[in-house]
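The values are calculated or read from the model by the stated rules, or taken from the named source; none is laboratory data. Only a predicted model underlies this, so the values are computations on that prediction, with no experimental measurement involved. Cβ atoms come from the backbone with ideal geometry, glycine included; neighbour counts cover every protein chain shown. Keep in mind that these areas ignore ligands, DNA and RNA; they rest on the heavy atoms of the full protein, side chains included. Shrake-Rupley method; radii C 1.70, N 1.55, O 1.52, S 1.80 Å.
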Amino acid sequence: MRKNSLLKKMTALILAGSMAFTLGACGSDGEKAKSSLGSSGSSAAGTSEAGKTKITFWAPFSGGDGDIMTAMVDKFNEQSTTTEVEFMIFKSEEYYTKLLAAMTSDSAPTVAVNHITRVKEYVTDDLLEPLDDLATAAEVDWKGFTENLQQSSMVDGTHYCMPMDTHLLLMHFNTDDFKEMDLLESDETVNVPAGEEEFFEYFSKVKEESGKMPLSGTSSNGLPMYLWYTLLTQYGGDICDTEGKKATLDTEENKKALEVMMRMVDEEIWPKNQKNGAELFTGRVAAATINGDWAIPTFEGTEGLNFVSMPFPQVGPNQTVYADSHTLVVPKNAKLTEEEKAAGMEFMKWITDNADMWAESGHIPSKTAVLESDTFKALPYRSNYAKSAEYARFYPQICGVAGLTEMSYRELAAMIAGEQDVETTMQHMQDQFQDILDSYNE
């Protein structure tokens with residue numbers, strides 16, 4: 001285990017605090033929740049009173065998605081004759097600090113949720129069990145996952161995680177407003193034309209004709225980063241080389257992405273100083289909003305709000321969109337038995353096989369069979385953007401993504417607020433991310 005790397009990661013997590021991974025995709029702030037098994041917070045496994053192998057499961061789903069996952073765990077416990085899961089939910093901003101501390105002290109849960117962008121770092125630090133042998137014994141068909149996730153879930157040709165979903169950036173539209181502007185299609189969808197100038201012309205028209213804010217979107221933390229990476233990849237750029245050694249943020253592609261963001265701000269297509277973009281949309285202040293698929297349950301629960309969720313528009317020459325994936329992993333733990341590992345794999349396979357339930361959270365299921373099921377197709381809005389998973393772009397599987405996230409939150413927020421220009425932001429991002437990569441490659 002690379003102790004220096006672990007120390008850096010723990011320090012980064014503490015310094016980042018709620019900033020680095022307060023992901024909208026992981027729910028809202030809330031108290032630590034427990035499953036109906038009434039967990040006391042212990043990560044102890046063993047044998048239940050019913051004679052089942054007892055395992056533990058941790059997740060950062062403290063919003064509505066936590067209720068959905070709790071229902072899934074309860075259903076699994078009812079159906080399984082061999083395994084019982086004790087489920088613990090933590091606030092998203094606390095989750096990775098607690099998980100890493102548990103993984104480095106042999107007190108980790110049997111199964112944990114881990115974003116796919118963090119898998120490489122944990123594998124490098126020897127903190128995750130390889131899954132291929134366990135998956136073979138459980139008859140897991142890796143080819144059943146979507147092609148994008150098949151590739152992204154491996155590190156050096158080995159599976160260390162089982163993807164639950166793809167969650168990504170979308171655009172959501174108030175259909176009443178767009179119908180009034182004669183911009184609503186006959187099938188109740190909204191079609192934003194591809195191209196940079198076309199994008200600005202379209203939303204300038206929305207601004208003029210609706211009299212509302214064209215696009216809402218929180219001006220700090222995650223949303224600017226999701227938008228930035230979407231634009232960066234649409235213009236053909238990325239964060240680093242394939243080896244994860246050289247940062248590539250001092251490029252024309254990144255300059256273009258940042259310039260487009262600032263044009264959106266300056267032309268008040270996406271006005272700055274927004275504390276909560278979702279509230280501006282649900283409050284009918286904005287005609288449309290930039291937010292992830294994880295926002296759909298909130299929008300669905302807003303009385304009188306008629307909306308449609310669509311793929312994020314293609315502004316640059318490439319059709320890409322920022323995405324991440326909730327995956328399931330088995331953390332290494334000297335106390336974990338082979339029986340518990342096998343039970344963990346049984347549970348992981350069941351969760352991904354039954355991801356039509358998880359799709360109610362707005363996320364795109366990881367398995368093709370679930371995507372093609374009548375149950376999934378019957379869910380509103382999802383079919384509009386499900387194909388986005390085919391061109392979704394995850395951060396590369398490299399070490400240093402947590403540091404990049406904290407850095408990009410800070411630098412993008414400063415740029416949007418007018419505290420620094422595009423050139424300064426670009427150079428800050430390049431220099432700081434290079435330092436992060438160097439710290440992992442020294």
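Can you tell me how many residues in the range 114-154 are open to solvent by 10 Å² or more (accessible area, probe 1.4 Å) and not in a helix (DSSP H, G or I)?
In the first step, residues of the range 114-154 are kept if they are open to solvent by 10 Å² or more (accessible area, probe 1.4 Å); the result is 120, 123-124, 126, 129-130, 132-134, 136-144, 146-148, 150-152, 154.
From the residues that got through so far, the ones that are not in a helix (DSSP H, G or I) too are 126, 129-130, 138-141, 146, 154.
Summing the residues that are open to solvent by 10 Å² or more (accessible area, probe 1.4 Å) and not in a helix (DSSP H, G or I) in the range 114-154 gives 9.
The set of residues from the range 95-113 being open to solvent by 20 Å² or more (accessible area, probe 1.4 Å), in contact (Cβ under 8 Å) with a residue 40 or more places away in the chain and among the hydroxyl-bearing types (S, T, Y) comprises T97, T104, S107. In the range 194-223, of all residues being more than 25 Å from E419 (Cβ to Cβ) and either aliphatic (A, V, I, L, M) or touching a helix residue (DSSP H, G or I) at 6+ places or on another chain (Cβ under 6 Å) (or both), the one that is surrounded by the fewest Cβ atoms within 10 Å (Cβ to Cβ) corresponds to A194.
When G362 is tested against the conditions (1) over 15 Å from L149 (Cβ atoms); (2) modelled with pLDDT of 95 or more, the lone failure is (2).
Give me the residue from the range 262-300 that is basic (K, R) and either on the phi < 0 side of the Ramachandran plot or within 22 Å of the chain's Cα centre (by Cα) (or both) and, out of that set, least open to solvent (accessible area, probe 1.4 Å).
Looking at the filtered set, the residue picked out is R263.
Whether a residue is among the hydroxyl-bearing types (S, T, Y), under 30 Å from A194 (Cα atoms) and open to solvent by 10 Å² or more (accessible area, probe 1.4 Å) was assessed, and T368 passes this test. Of everything in the range 225-256, what is among the acidic types (D, E) and closer than 18 Å to L168 by Cα? Give them in sequence order. If the condition is that a residue be among the acidic types (D, E) and closer than 18 Å to L168 by Cα, then D238 is the only one that fits. Residue check: V265 meets all listed conditions (1) in contact (Cβ under 8 Å) with a residue 40 or more places away in the chain; (2) farther than 18 Å from W228 by Cα but one, namely (2). Looking across E300, E253, one residue alone is touching a helix residue (DSSP H, G or I) at 6+ places or on another chain (Cβ under 7 Å) and among the acidic types (D, E). It is E253. Given the criteria in contact with an Asp or Glu (Cβ under 9 Å, 6 or more places away or on another chain), modelled with pLDDT under 90 and open to solvent by less than 10 Å² (accessible area, probe 1.4 Å), does A25 qualify? Against the criterion (in contact with an Asp or Glu (Cβ under 9 Å, 6 or more places away or on another chain), modelled with pLDDT under 90 and open to solvent by less than 10 Å² (accessible area, probe 1.4 Å)), A25 qualifies. Residues in the range 371-391 that are farther than 23 Å from T298 by Cα and either among the small types (G, A, S) or crowded, with 20+ Cβ neighbours inside 10 Å (or both): S373 only.
Of everything listed in (1) at positive phi; (2) surrounded by 15 or more Cβ atoms within 10 Å (Cβ to Cβ), the single unmet condition for A257 is (1).
Hey, among the residues in the range 54-71 that are open to solvent by less than 40 Å² (accessible area, probe 1.4 Å) and hydrophobic (A, V, I, L, M, F, W, C), which one's modelled with the lowest pLDDT? Looking at residues that are open to solvent by less than 40 Å² (accessible area, probe 1.4 Å) and hydrophobic (A, V, I, L, M, F, W, C), I get F61. For the range 396-408, residues that are within 30 Å of N273 (Cβ to Cβ) and open to solvent by 10 Å² or more (accessible area, probe 1.4 Å) total 3. Any chance the range 72-94 includes a residue that's out of contact with any Cys (no Cβ under 7 Å at 6 or more places or on another chain), modelled with pLDDT under 90 and either surrounded by 15 or more Cβ atoms within 10 Å (Cβ to Cβ) or under 24 Å from I116 (Cβ atoms) (or both)? Yes, the range 72-94 has at least one match.
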